[in-house]
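The numbers here are math on the coordinates, done by the rules we state, and not lab data. Fair warning: this is a prediction, and the values are worked out from it, not measured in the lab. Here the Cβ positions follow ideal geometry from the backbone for every residue, glycine too, while neighbour counts run over all protein chains shown.
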Amino acid sequence: MIKSYPKFIGWILIGLGLIILMDNYLDISLWAIVWPLAFISLGVWLLSRDKGKFNTTTQKIFGDVNRDGVWQVTNEEILLGIGDVNLDLTRADIPQGESKIRIMGLIGDIDFKLPQELGVWVTIQGLITDSKILGNHQEKFFSSTHEKSKNYTSTKKQIIIDIHLLIGDVSIQRADK
């Protein structure tokens, strides 16, 4: 999925461009074509996506996903239409080894607060993203971001954060000591 994501967005942009051309030259209603295609594409994506090894799936079309205090971290997939994801892992029960959290959505504000000792590997893909990962700020258009903490391989607990958004603001920071 990671390697095919830019191709998927590319095909969408080409398709939208062709529809706009048809709208201009053939007097075809743009919205009468775009919305059905968007729903069909979303349905195909939901049916064919790689579900991987996720214990939990959380779905929010509109709304937020918030977790703080004491909670159990599991391999989880969060599907988001438009909304925010705020995950505070500082007091969470994180199992030893690698845990994976994948967030997929259209428009979102994603915030992670991590304990100091946790190893983290972050991948962000999107059309427009503004990210601040462990102090490293990046603004990207139609590009991906990959960051791995220096302590990732040396710690007993690691988390893989995999984020796919059309438009997103992502902040992944360590908790104050």
Among residues of region 111-120, those that are assigned to a strand (DSSP E or B) and not β-branched (Val, Ile, Thr), counted: 5
Positions within region 79-102 being free of Cβ contacts under 8 Å to residues at least 40 places away in the same chain, more than 18 Å from the chain's Cα centre (by Cα) and closer than 17 Å to Thr56 by Cα, in sequence order: Ala92, Asp93
Among the residues listed as Thr123, Thr155, Thr145, the single one being surrounded by 13 or more Cβ atoms within 10 Å (Cβ to Cβ) and either aromatic (Phe, Trp, Tyr) or not in a strand (DSSP E or B) (or both): Thr155
Residue count, region 51-74 (criterion: among the hydrophobic types (A, V, I, L, M, F, W, C) and farther than 18 Å from Ile94 by Cβ): 2
Residue in region 60-87 that is nearest to Leu165 (Cα to Cα), counting only those that are polar (S, T, N, Q) and loosely packed, with under 14 Cβ neighbours inside 10 Å: Asn66
